[in-house]
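Novice: Below you will find the structure I want to go over with you.
The values are calculated or read from the model by the stated rules, or taken from the named source; none is laboratory data. On a predicted model such as this, the values are computed, not experimentally measured, just so you know. All Cβ positions, even for glycine, are placed from backbone atoms using ideal geometry, and neighbour counts span all protein chains on display.
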Amino acid sequence: MTPEDPHDAVVVGSGAGGAMAAWMLTKAGASVLMLEAGRDYSPDESPMLNMAMDAPLRGVGTPDKEFGYYDATVDGGWSMPGEPYTMAEGSEFMWWRSRMLGGRTNHWARNSFRMGPYDFKPKTRDGLGYDWPVSYEDMAPWYDRTEKLVGVYGSNDGLENHPNSGPGVLQPPPKFRVWETFLKAGGDAINVPVVAARRAIITKKIDERSPCYWASGCGRGCSIGAAFQTTTSLIPWAKKTGKLTIATGAMVYEVLLDTSGKATGVRYIDKATGTHKEAKGRVVVLAASTGETARILLNSQVPGRSEGLANSSGQVGRNLMDTVGSNISAWFPQLEGRPRYNEDGAMGLHAYIPFWDYKRIQSGEVDTPRGYHVEIGGSFGDPGMGVGSGLDGYGSSLRADVKRRYGARIGFTQRGEMIPNANSFCSIDTNTKDKFGIPVLKFNFAWADHELKQVKHFQNAMKELIDKLGGTLVSEPADPAKAISKGGEIIHEVGTARMGADARDSVTNQFGKTWDVDNLYITDGSVFASKAHKNPTITIMALAMRSSDNIATRLRTGEL
Amino acid sequence: MTKDLITIDRRVTLKWLMGAMAVGQLAACGDQAKGLSWPEMEAIKAAGIGKDPDFTNIATPWPLTMTQAELETTAELVDLILPGEGDIPAPSKVGVPAFINEWVSAPYPDQHKDRVLIINGLKWLDDESKVRNGVPFIRAEARAQTAILDDIAFKDRVKEGLDKPAAFFARMRSLTLGAFYTTREGWADIGYMGNTPGTGDYAGPTPEAAAHIKGVIEAMGLNYTPA
């Protein structure tokens, strides 16, 4: 089939949510047209074993390639020529886009922490934010299916609000490295857990994908298929069914409706020719990303209404959330000069610190309502352009200092929950259009006191851990208001079309079906009703799988 | 000779004159080239890497801008920062000066800041050496070179008035270490053993590395429980 032919489903986007929908629907026998705004891409393009020395400027980030020369993201980043976004006075927001087949799954860190029972019912627990229309128990089987399909390494530690996976679901995690075992010793002594991380990386062969070979940064894309991305898995699998048609360079800007208010397809700009085209389907699935999905809905014209599409609740664009981020790092004299060995491992977390202080939140001893986890780094890696940071002098003593400090510094990165607030949302900037003539998004963003207090909790807890291990801070952490990341900076933005139990205050039902349009679904991060501290991608995929199952059933029964 | 002088453009003559005045000022303020300014430079306008570079044909698209003299001074300086030792080559032997040229010539804001610092800093080094020793930095005696570095290389004892040269030196040190330790020779020196694909499970710490951390942890009165 060609993009001009009507399909059973039109899926907008090829990242975590779009590709999962395409795989589930094609597997169920439906024909799917996938529209991707960027170019075709495969990680076969990635020079897996190239190193900094082989790249311009030793591979450091530049305004062209902000996450470094080898980052898989092409035609994207914080800024894109001709495709601006704007910010309200006093707001700062950073919006990472990956205009390419596979979207942001090509470069993500693969950290895959499933949400727990508290995370789905946050309002019930503390009165803040908004409950999901699903519970953890509803989601558990879908997490199991997703983790099994994707391939996630990790361990089941039975920790509060960090649920175990089902039997046989997880892949074995890689061994801890020396500095991770060192941290665990400190954590054990002060009751801060240091446990195996969960990442979408396979350590045992499944299907045609090879297990991790313990080298090559995952962010550059993984041509052997060990680190999960849709371009080596869901998309090729969907293609194999013979039911998937992909159009790249297709910039969708509007959902089309018939006179009864049913979606008939979408309108897009074919970037190669500059022409406006229409794609038709029985069901439309938006998975264009939290920002772009909201933008498409708000830019869609609905006769007789001014608020955009699927927005009778007024919630489209609202409840914009990102992960709370901040950093601390420390030198550990006990790690200086430690014996060398290959610590590349899975090129990311083998261990992490899940949130542990739930009891003291409930008792009121802790003054921040929601938790965070800590991602840690301290391996012997390619030394990189930062190897001389903090060093002094010159000559042979400088060489000795470099070698002494190599592998003796550990970085602690907070990843925390944000509670939705009235000051954080996106809307259409009616004064600004992109190079295609599509009105752009304007962001409003503000952290609240909850998040700042959480940063303080993190800073104090890490200082205690560092102290227990005899470390010294590289620098005293800044005041939380200064230490906290900018909105969007952690690239976990979610919430702009939240799901809920009530059509009056949410955009979709529990299956991502918009309340206002019976055959319009959303399967990306925009449907999140809260932003737990857990990295969102695995949850996006689990929800997309569950929602797509619902779509497939309704297609089969002729309801759609 | 006379003819040559006449054909020289008036702007060049002025530059000479100002140079001569500057030397006069230098001489007047004693043993340091502190009168020098660190002028802003025009941003480089050249093609960058782009949003979608071709990984099958990796190239640095911008023209290199350092002069031969600047490169020679750079080579001298980077080798003083991290002298070769035994089998470990000096930075100038593994392309560090060429890397610094690539860096300061890049059409990006961070690199532009470094360019201003480094090109002016290299000039300062020469001027300072001329004032102190009567010759450019590369022709000064080793002891005379390190005497200059000692005034700018240690953050707690930067000589008064030399904050800019000290910032220049710190940046050169950082670039030199980064550039050197990302070479194979630098890996051998520091002990980076990765980027080597393997099969099977991740090997984890060697027995020596494991025994070491066990000793460290237990000496701190903590429990060693590898996972």
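Novice: When you go through (1) touching a Lys or Arg at 6+ places or on another chain (Cβ under 7 Å); (2) facing chain B (nearest Cβ under 10 Å) one by one for A:GLU417, which number turns out not to apply?
Specialist: Every condition holds for A:GLU417 apart from (2).
Novice: Find the residue count for the stretch A:117-135, including only residues that are more than 17 Å from A:SER506 (Cβ to Cβ) and in a loop (DSSP other than H, G, I, E, B).
Specialist: 1
Novice: I would also like to ask the following. Quick check on the stretch A:80-92. Is at least one of its residues over 29 Å from B:GLY198 (Cα atoms), in contact with a strand residue (DSSP E or B) (Cβ under 9 Å, 6 or more places away or on another chain), more than 10 Å from chain B (Cβ to nearest Cβ) and outside any loop (DSSP other than H, G, I, E, B)?
Specialist: yes
Novice: Being surrounded by fewer than 18 Cβ atoms within 10 Å (Cβ to Cβ) and within 13 Å of B:THR73 (Cα to Cα) is the filter; apply it to the stretch B:137-174 and report the residue that is nearest to the chain's Cα centre (by Cα).
Specialist: Step by step, filter the stretch B:137-174, then rank; the result is B:ILE138.
Novice: Pairs only if they're at least six apart or on different chains, beta carbon under 9 angstrom, first in the stretch A:423-443 and in a loop (DSSP other than H, G, I, E, B), second of a type in the set (S, T, N, Q) and modelled with pLDDT of 95 or more; list them, first residue then second.
Specialist: Close Cβ pairs satisfying both conditions: A:ASN423/A:SER91; A:ASN423/A:ASN444; A:SER424/A:SER91; A:SER424/A:ASN319; A:SER424/A:ASN444; A:ILE438/A:ASN299.
Novice: Counting just the residues of the stretch B:41-54 that are within 17 Å of A:SER42 (Cβ to Cβ) and buried (at least 17 other Cβ atoms within 10 Å of the Cβ), which one comes out farthest from the other protein chains (Cβ to nearest Cβ)?
Specialist: Filtering first and then ranking leaves B:PRO53.
Novice: Sticking with this structure for a sec: Going by what's in this entry, would A:GLY317 be described as part of a loop (DSSP other than H, G, I, E, B), surrounded by fewer than 23 Cβ atoms within 10 Å (Cβ to Cβ) and either on the phi > 0 side of the Ramachandran plot or without any contact (Cβ under 8 Å) to a residue 60 or more places away in the chain (or both)?
Specialist: no
Novice: I'd like to verify a number: residues in the stretch A:178-209 that are charged (D, E, K, R), within 11 Å of chain B (Cβ to nearest Cβ) and surrounded by fewer than 24 Cβ atoms within 10 Å (Cβ to Cβ), how many?
Specialist: Residues of the stretch A:178-209 charged (D, E, K, R): A:180, A:184, A:188, A:198-199, A:204-205, A:207-209.
Pick out the ones that are also within 11 Å of chain B (Cβ to nearest Cβ) and you get A:180, A:184, A:188, A:204-205.
This time we only want the ones that are surrounded by fewer than 24 Cβ atoms within 10 Å (Cβ to Cβ), so: A:188, A:204-205.
The total comes to 3.
Novice: Output the residue which, of all residues in the stretch A:370-404 that are within 7 Å of chain B (Cβ to nearest Cβ) and of a type in the set (D, E, K, R), is farthest from A:ARG58 (Cα to Cα).
Specialist: In this case the residue turns out to be A:ASP392.
Novice: Is it the case, given these coordinates, that B:ASP126 is in a helix (DSSP H, G or I), assigned by TED's automatic domain parsing to the domain that holds B:PRO83 and over 18 Å from the mean Cα position of the chain (by Cα)?
Specialist: no
Novice: Testing A:PRO163 on (1) surrounded by fewer than 24 Cβ atoms within 10 Å (Cβ to Cβ); (2) in the same structural domain as A:GLY500 (by TED's automatic domain parsing); (3) under 22 Å from the mean Cα position of the chain (by Cα), one condition comes back false. Which one is that?
Specialist: (2)
Novice: Among what's in the stretch A:266-283 and is hydroxyl-bearing (Ser, Thr, Tyr) and in a strand (DSSP E or B), pick the residue that is surrounded by the most Cβ atoms within 10 Å (Cβ to Cβ).
Specialist: Result: A:TYR268.
Novice: Here's a follow-up. Could you please give the count of residues in the stretch A:176-198 that are closer than 15 Å to A:ASP157 by Cβ and touching a residue at least 12 places away in the same chain (Cβ under 8 Å)?
Specialist: So the answer is 12.
Novice: Which residues, counting only those in the stretch A:40-61, are within 22 Å of the chain's Cα centre (by Cα) and facing another protein chain (nearest Cβ under 8 Å)? Give the derivation first.
Specialist: First, pick out the residues of the stretch A:40-61 that are within 22 Å of the chain's Cα centre (by Cα): A:40-43, A:46, A:61.
Within the stretch A:40-61, just A:SER46 meets the criteria.
Novice: For the stretch A:137-164, how many residues are closer than 24 Å to A:ILE361 by Cα and of a type in the set (Asp, Glu)?
Specialist: Summing the residues that are closer than 24 Å to A:ILE361 by Cα and of a type in the set (Asp, Glu) in the stretch A:137-164 gives 3.
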